[in-house]
Amino acid sequence: MIRFDDVTKVYPGSKHPALNSVSIEVGKGEFLFLVGASGSGKSTFLRLALREEKATKGVVRVSGKDVAKLSSWKVPHLRRTIGAVFQDFRLLPNKTVFENVAFALQVIGKPRHAIAHTVPEVLELVGLAGKEQRFPHELSGGEQQRVAIARAFVNRPAILLADEPTGNLDPNTSVGIMRLLDRINKTGTTIVMATHDHEIVNQMRKRVIELENGNMLRDEVSGVYGYSR
Amino acid sequence: MRFQFILDEIVIGLRRNLAMAISVVLVTVVSLFLVGLGFLAQRQVDTMKDYWYDRVQVTIFLCGDVSIAASCADGKATDAQKEQIEANLKSPQLQGYVKEVFFESKEQAFEHFKEQSKDSALSENVTASQMPESYRIDLKNPEQYKVVADYFKNTQGVESVQSQNQVLDRLFALLNQLKLGSWLLAVITLLCSVLLVATTIRLTAFTRRRETGIMRLVGASNFFIQLPFILESMIAAAVGATLASVALVAVTKFQIQGRLAKQLTFTNYVDVGDALTVVPWLFIIGLGIAGVSAFLALQRYLKV
């Protein structure tokens, strides 16, 4: 689903590459943890896949397509096939839970009846049934992240990218979120999750790629967070 | 559906960012009003020009019984000479300059003279026979009075050609300077309004960058992200343009026509009709600036 071929990313004004000749292939339905310290290149990986940035060198393919060759008006179509979740939830504070999730469908022009049908379904899936009319500030952190996941997943994207989705949550809540992501993964959605959270990585026993200063340190099929923790 | 959604977004945007919308409205009102004043100043100069030009005449004084000019050596202007002058005024050479010609007889000149020097003892010692006959000529373009004046300078039977040239030259120079000044005023206010409106809208775009980011994230097309914002800004600008137009018309009606025109009567003033011709420009400028700067302001947050 996602394939990086010898990808290097150097941000303008910086000498050190944020990613240095990294080659990674993520298959369909896979669950991948990206681990490493801050500044190791995890977020850069996700940004490149979303084509928020372009690779300095190498080729980034998503669903078989070279994203660098997409014309800029086609980039929105790429992003519709990728769900994204962030540490800070990125919800619209003035919209209700329902409206936040519906927003993702409205902006891509889905008809109203489809929205009325799809949104409650996905809210049910993430465990927020009955909270449709709440505003984000009335929800706990975990619940807000569930809304964000619902919004990311409501289009049924083939890929879900998560950038430290549990970074702002306590351990118990984090476990709930991980269960949810696991469930989404089991529907066949490819998930790439960048994280610092040792516990979670060690519990899940999924594929782990560790990055350090933009270099790939290891790629383990059923890995743990690290040796020196 | 999408149309309905865009409408909803505009309403929500305007309501939530009410303070921003109001500031766009106010900035537009003030700057468009000033631009409008700049335009009106132009119209005022034109109006003054028309007013004075209508009063500019070249006068050809004919030789009388007591004229001493060289061209009057033969004494009083004959009917043949008068006919020649009239024919010359209609000749192809002068046709392009002359609008209308009035003949002023001695009696008419006397009437005018009496009227002008009503309170002076002079009028009692003057008789109609002492007054000169004259041709009073309205010009098509008063700035070209010299052509006509020079043409008749040495004609037999013409005592003198009077064209108020010194006064006129200064008046025309003044009016042209005023025109230039009002252009400058309009251009400067226009520049100010472009910068002010653009800055305010950029601020609005900044407060929406989070929303813009989320829209991009979920794959909204740029067009779809921009349209509500551009329309929102243009609606605010339209409200501003409306208020500015109302203010401009009100100032013209009550201040200029209602007060100034009654107190200082030496010239005509712009009227409501003039103000109304400025109004469409205010809308074009206001909506144009708002639309373009809304487009450019969001562009920053839309780079893919």
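Readers should treat all values here as calculations from the given coordinates under stated rules, not as data from a laboratory. These numbers come from a predicted model, not from an experiment. No Cβ is skipped: glycine too gets one built from the backbone with ideal geometry, and neighbour counts run over all protein chains shown.
Which whole-percent values make up P(r) of the protein assembly as shown when all C-alpha to C-alpha distances are grouped in 20 Å steps starting at zero?
Taking all Cα pairs of the protein assembly as shown, the binned fractions are 17, 31, 19, 14, 12, 7, 0 percent.
Cross-link candidates for B:K253: which lysines have Cα within less than 24 Å, leaving aside residues fewer than 8 places away along the same chain?
List returned: B:K49, B:K179, B:K262.
Taking a ≥ b ≥ c as the square roots of the Cα gyration tensor eigenvalues, with a/c under 1.5 meaning rounded and otherwise prolate when a/b beats b/c, else oblate, which class fits the range A:18-72?
Details: a/c = 1.90, a/b = 1.22, b/c = 1.56.
It is oblate, given that a/c is not under 1.5 and a/b is not larger than b/c.
For a quick check, take a GNM of chain B with Cα springs below 10 Å and name the residue from B:A237, B:A21, B:A128 with the largest mean-square fluctuation.
Of the options given, B:A128 has the highest mean-square fluctuation.
Lone cysteines in the protein assembly as shown, defined as no other cysteine's Cβ under 4.7 Å from theirs: which are they?
Unpaired cysteines in the protein assembly as shown: B:C192.
Expressed as a rounded percentage, what relative contact order does chain B have, with Cα pairs under 8 Å and six or more residues apart?
In percent, rounded to a whole number, it is 33.
Is there a pair in A:K9/B:K303; A:K65/B:K303; A:K69/A:K186; A:K28/A:K65 whose C-alpha atoms are over 24 Å apart, and which pairs would that be?
Pairs exceeding the cut-off: A:K69/A:K186.
Taking the Cα centre of each part, how many Å lie between the range B:235-259 and the range A:170-189?
62 Å
Relative contact order of chain A: what whole-number percent is it, with Cα pairs under 8 angstrom and at least 6 residues apart?
28 percent
Which of A:S72, B:S182, B:S31 has the fewest other C-beta atoms within 10 Å, and how do the rest follow up to the most?
Numbers: A:S72 11, B:S182 20, B:S31 25.
Fewest to most other Cβ atoms nearby, the residues stand as A:S72, B:S182, B:S31.
Counting only complete DSSP H runs, which helices of chain B cover 18 Å or more along their long axis at the Cα atoms and score a mean Kyte-Doolittle of -0.5 or above?
Sorted by number, the helices that extend far enough and score high enough are B:2-16, B:18-55, B:165-207, B:222-250, B:272-302.
Would you mind classifying the range B:57-163 by shape? Square roots of the alpha carbon gyration tensor eigenvalues, ordered a ≥ b ≥ c; an a/c under 1.5 is rounded, otherwise it is prolate if a/b is larger than b/c and oblate if not.
Oblate is the answer for the range B:57-163, as a/c is 1.5 or above yet b/c matches or exceeds a/b.
Work out, step by step, the length gained on full extension between B:K82 and B:Q95: first 0.36 nm times the residue separation, then minus their alpha carbon distance; give nm to one decimal.
That works out to 3.0 nm of additional length.
How are the C-alpha pair distances of the range A:84-229 spread across 10 Å bins, as whole percents from the shortest bin up?
The distribution over the range A:84-229 is 11, 40, 31, 14, 3, 0, given as percents.
Determine which lysines satisfy two conditions relative to B:K106: a Cα distance under 19 Å, and not lying fewer than 8 residues away in the same chain.
Partners found: B:K76, B:K82, B:K114, B:K118.
List the aspartates and glutamates whose alpha-carbon lies under 12 Å from that of A:K57, not counting same-chain residues fewer than 8 positions away?
Straight-distance partners of A:K57: A:D5, A:D6.
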